[in-house]
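Below you'll find the structure, written out as structure tokens, and then a few comments.
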Amino acid sequence: MIEVITEALVDSVIDTVKLFPFLLLTYLIMEYIERKTEEGSVRMLGKAGGWAPLFGAGVGVVPQCGFSAAAASLYSGGLISIGTLMAVFLSTSDEMLPIFLSSQVPVASVARVLLMKLVIGTVTGMGIDAFLRMTRYKYKTQKRIHELCEQEHCGCEEEGGLFRSALIHSLHISLFIFLCSFLIALLVGGLGEEAVAGVMTGHPVAGILLAGLIGLIPNCAASVMITQLYLSGILELGQLMAGLLVGAGVGLLVLFRTNRHMSENLKILGMLYGLGVFWGLMIHLLGISF
């Protein structure tokens with residue numbers, strides 16, 4: 001038990017330290033925008049062009065869960081659309097790519113998986129934004145960067161406090177991520193991968209649903225587990241993709257921490273899971289394999 005606790009503690013510290021530079025840079029940019037632009041300009045930035053999900057999906061493919069955390073913060077500040085946020089979440093790969101490469105998976109197969117995530121993220125994100133533009137739903141909630149400041153009591157209204165404000169935001173989020181990651185690592189370490197694998201074997205649809213639930217675990221350990229199960233032959237491609245598409249790393253943690261609209265957060269969580277399961281089922285039904 002002590003070994004499990006120690007390993008969980010070390011992994012959580014490492015994950016948090018790796019994310020901190022992304023968080024600090026993100027909040028520095030957001031604070032700068034808040035200070036240098038008028039409210040109308042911030043609103044226009046939040047309505048970035050229809051190609052924003054493509055850029056978001058492209059950034060998300062890079063194997064770092066820090067990008068999903070950054071996207072969640074930018075969304076909470078009203079700087080990117082729901083479609084762009086979803087594109088980043090769906091395309092986020094976390095530790096999949098390093099594990100694939102270290103396991104000598106053929107480059108062509110790796111490229112197909114990444115391309116599939118990129119296409120799914122882009123198409124889905126653009127579709128969501130197009131739908132919300134038609135229904136005008138996205139205009140019902142007007143988020144602003146200053147909402148984050150009110151929550152964090154960061155003192156960003158003080159003259160010259162840009163770095164101090166960004167640092168306080170980043171430290172608060174990092175502490176939250178560390179605590180959650182530690183608890184999750186303890187849970188995963190206690191259950192083990194064998195128990196999960198037993199449920200998935202021979203039950204492809206149930207495996208897709210379960211892989212999606214595992215992917216929701218806001219920790220890089222989720223993508224590691226799913227990828228390793230796939231490489232060991234326990235998961236098929238549809239199950240792998242369901243878990244990886246849903247797996248937004250710690251982005252969900254940051255979203256729930258920074259966005260005060262809880263009902264909106266829950267809708268995004270449900271949407272992410274539903275989309276991951278949907279695409280996983282489509283891949284399974286079409287018989288796609290690499």
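Data table
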{"quantity": "Scan of the stretch 203-259 for residues that are touching a residue at least 60 places away in the same chain (Cβ under 8 Å), of a type outside the set (A, V, I, L, M) and surrounded by fewer than 22 Cβ atoms within 10 Å (Cβ to Cβ), ordered by number", "calculated": "Pro204, Gln228"}
{"quantity": "Members of the stretch 232-251 that are part of a helix (DSSP H, G or I) and either of a type in the set (S, T, N, Q) or out of contact with any Phe, Trp or Tyr (no Cβ under 8 Å at 6 or more places or on another chain) (or both)", "calculated": "Gly238, Gln239, Gly243, Leu244"}
{"quantity": "All positions within the stretch 159-187 that are farther than 18 Å from Leu19 by Cβ, at pLDDT below 70 and either touching a helix residue (DSSP H, G or I) at 6+ places or on another chain (Cβ under 8 Å) or not in a loop (DSSP other than H, G, I, E, B) (or both)", "calculated": "Leu187"}
{"quantity": "Cβ-Cβ under 7 Å pairs, at least 6 apart or on other chains, the stretch 163-180 side free of Cβ contacts under 8 Å to residues at least 40 places away in the same chain, far side assigned to a helix (DSSP H, G or I)", "calculated": "Ile168/Glu152"}
{"quantity": "Index of the failed condition, Glu147 passing every other in (1) modelled with pLDDT under 85; (2) farther than 20 Å from Asn265 by Cα; (3) of a type in the set (Asp, Glu)", "calculated": "(2)"}
{"quantity": "Pick from the stretch 1-31, criterion buried (at least 21 other Cβ atoms within 10 Å of the Cβ) and more than 20 Å from the chain's Cα centre (by Cα), ranking: nearest to Gly249 (Cα to Cα)", "calculated": "Ala8"}
{"quantity": "Residue that is nearest to His169 (Cα to Cα) [pool: residues in the stretch 80-123 that are at pLDDT below 80 and not in a helix (DSSP H, G or I)]", "calculated": "Asp94"}
{"quantity": "Given (1) in a helix (DSSP H, G or I); (2) modelled with pLDDT under 75; (3) more than 18 Å from Lys18 (Cβ to Cβ), index of the condition Gly202 fails", "calculated": "(1)"}
{"quantity": "Number of positions in the stretch 231-247 that are on the phi < 0 side of the Ramachandran plot and at pLDDT below 85", "calculated": "4"}
{"quantity": "Residues satisfying the stated conditions in the stretch 105-122, i.e. polar (S, T, N, Q) and farther than 18 Å from Phe278 by Cα", "calculated": "Ser109"}
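The values are calculated or read from the model by the stated rules, or taken from the named source; none is laboratory data. Because the structure is a prediction, the values reported are computed rather than measured. Using ideal geometry, Cβ is built from the backbone for each residue, glycine included, and neighbour counts are taken over all protein chains shown.
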